[in-house]
Amino acid sequence: MNHPMPFDTTQVFIGGVWRATDAGQQLPLHNPSDGSLLTHIARGQAADVDAAVQAAQTALDGPWGQLTATERGRVLMKMSAAVLLQVDELARLEALDVGKPLKQGRADAVALARYLEFYGGAADKVLGETIPFINGYTALTLREPHGVTAHIVPWNYPMQIIGRSVGAALAMGNACVLKPAEEACLTALAFAHIAQQAGLPAGALNVVPGLGEEAGAALASHPGVRHISFTGSVMVGGLIQAAAARNAVPVTLELGGKSPQLVFDDAELDTALPFLVNAGIQNAGQTCSAASRILVQRGVLEQVTERMAERYRALRVGPAMDDPDVGPLISRRQQELVQGYLSLLRDEGGRGAGSSLRIVAQTPLPAGLPAGGCYVPPTLVAGASATHRIAQEEIFGPVQAVIAFDDEAQALQIANGTAFGLVAGVWTRDGSRAMRMARKLQCGQVFINNYGAGGGIELPFGGVKHSGHGREKGFEALYGFSTLKTVAIKHD
Ligand code: NAD
């Protein structure tokens, strides 16, 4: 272990106390840049989850539940300021744990601080309404916290996802139990340390690392949990929703995507090109809103493909601590999954006369990469048809497919023609066309002449179809993390 850890990584955080799990079990944590053993983390189980839910309920019944909205906001602001002091350390942990290049980790840490600032500022600005009703009555609505909220997050953007879900839940006065991913949970633990030092009352945030099928399943089915926020795969999202249904609790599901960027003949290409590639290779393509499909109108097809290929040839792949453009994937499993798609691509391309599916650019992996690292070469594919598996399925690696279209109708048909609907980008100088597309694209966010993979702390975010339901980020999230009570008062 060459990399010192700033705290004991093997503990859970329950009721303001750091301690070993009930059963004392641990899990190994590996560095995806070289495969080395980084440290061990807690393997939380049902008993730990139960203690965490009880601690959260105790916090709601105690000091945390007594704070005014303004006081909660101030605590979040203090947490935000404390995170900003730790940006470099948080980026270092994320690089070691997730394999995320340092500058991308720094951006995530700054985003975490901004979420806390945004929700800190919003905490005392969530208003109810008065409702015209029968004479002699006053009717009004109150926004109240759900109670104990569960937050099950994946490994790809731990800091950002914690910021948006835990930040909004705390702002509304809920008490949180966070289950980070078993592949990467160091920044979740670091965040809990920061929150504690910044003065977050005990029990308002509890963190129980562990396996999905153990700690995650126990949390999703716990009868003391009143809301579940889940970010992850479609398959597990279904299990979470089923567990929530048994306890009749609401769920926010942020699932996968196969997000398109539509490039029309009249697009401002110099502006578009960096966004087209970056939104595909950011975090080595392990981004739910990665722009994995680039739909290009035929008039600029050749030019866009060639200019994207140039960028691919110039990308730098390497260990996360060297701050490359593209780091390793999270794990051997993820690496094999993406390699499987690259083999499939060769099979699909070779199949049938006239198939034009081909790799147009593949970033060479530099000599001397650590043998144990989980690297795959960033790959740009052209000639894909809308029905190829690589144009339909979420690959979750640095692979983008260029797909040609003739007109608006065909662009929409292809863009909307997958099981997903998370984000879309539209590049055109024609304002009317941009609005037509924005109206007809089936997804939760549309960017016109820009693209933010997961972008916009202030912007409501979430999907349709298999990309999930419910909205996080922005002010909208505060409605999701609260419940509405109507009060009708008869006064004469
Ligand atoms: P995953 O579904 O395997 O795991 C996500 C979390 O769920 C982890 O904490 C895991 O431990 C937990 N989990 C696993 N099985 C569980 C179970 N049976 N019960 C309860 N919890 C369980 O997903 P992943 O592979 O870690 O993440 C990749 C997926 O997440 C991709 O599909 C990606 O698109 C999606 N994602 C979506 C967003 C978004 O905001 N829409 C953001 C990031 C990732």
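A short reminder: the numbers here are calculations on the coordinates, not readings from a lab. If you're wondering where the values come from, they're calculated on a predicted model, not measured in any experiment. Positions of Cβ are backbone-derived with ideal geometry, glycine not excepted, and every protein chain shown enters the neighbour counts.
Results, tabulated for the structure shown:
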quantity	calculated
Efficiency of FRET between E476 and L140 - r from beta-carbon atoms, R0 22 angstrom, step 0.05	0.55
Two-site label geometry, H193 and L365: point separation in nm, points 7 Å out along Cα→Cβ	3.3
Relative contact order (percent, whole number), the chain, Cα cutoff 8 Å, 6+ residue spacing	18
Residues of region 31-45 with amide N under 16 Å of the 7 Å Cα→Cβ point at L211	41-45
Gain in span if fully extended, E268 to R307, counting 0.36 nm per residue against the direct Cα distance	12.7 nm
Spin-label model distance (nm) - A242 vs V487, 7 Å beyond Cα toward Cβ	4.2
Region 52-70-region 201-265 distance, computed between alpha-carbon centres (Å)	22
Nearest-ten-degree value, helix 269-281 long axis tilted from longest Cα axis of the chain	60
Karplus 3J(HN,Hα) series, Hz, for region 178-192 with 6.51 cos²θ - 1.76 cosθ + 1.60 (x for Gly, Pro)	9, 10, x, 6, 5, 7, 7, 9, 5, 6, 5, 5, 4, 4, 5
Exposure proxy ranking, count of Cβ atoms within 10 Å, fewest first, for D430, D270, D492, D50	D492, D270, D430, D50
Members of K440/K485; K103/K179; K179/K473 lying beyond 29 Å, as alpha-carbon distances in this model show	K440/K485
Expected 222 nm ellipticity per residue - DSSP helices of 4 or more, -39500 (n - 2.57), all of the chain, to 500	-11500 deg cm²/dmol
Segments 233-240, 465-472, 161-168 sorted - mean Cβ within 10 Å per residue, highest first	161-168, 465-472, 233-240
Region 260-455: relative contact order in percent, alpha carbon pairs under 8 Å with at least 6 residues between	29
Within the chain: Cβ-based charge dipole about Cα centre, in debye rounded to nearest 20 (Lys, Arg +1; Asp, Glu -1)	520
Cβ crowding within 10 Å averaged over residues, with 67-75, 255-263 ranked highest first	255-263, 67-75
Alpha-carbon centroid distance for the pair region 303-339 / region 363-441, whole angstrom	15
Leading residue at positive end of dipole, the chain (Cβ point charges), from A188, A382, Q241	Q241
Extension reserve of the D124-V17 stretch, reckoned as 0.36 nm per residue once the Cα distance is removed	35.7 nm
Relative packing of peptides 97-109, 169-181 - highest average C-beta neighbours within 10 Å first	169-181, 97-109
Relative contact order for region 264-317, counting Cα pairs under 8 Å that sit 6 or more residues apart, in percent	43
Between 0 and 90°, nearest 10: helix 431-440 axis offset from the chain longest Cα axis	60
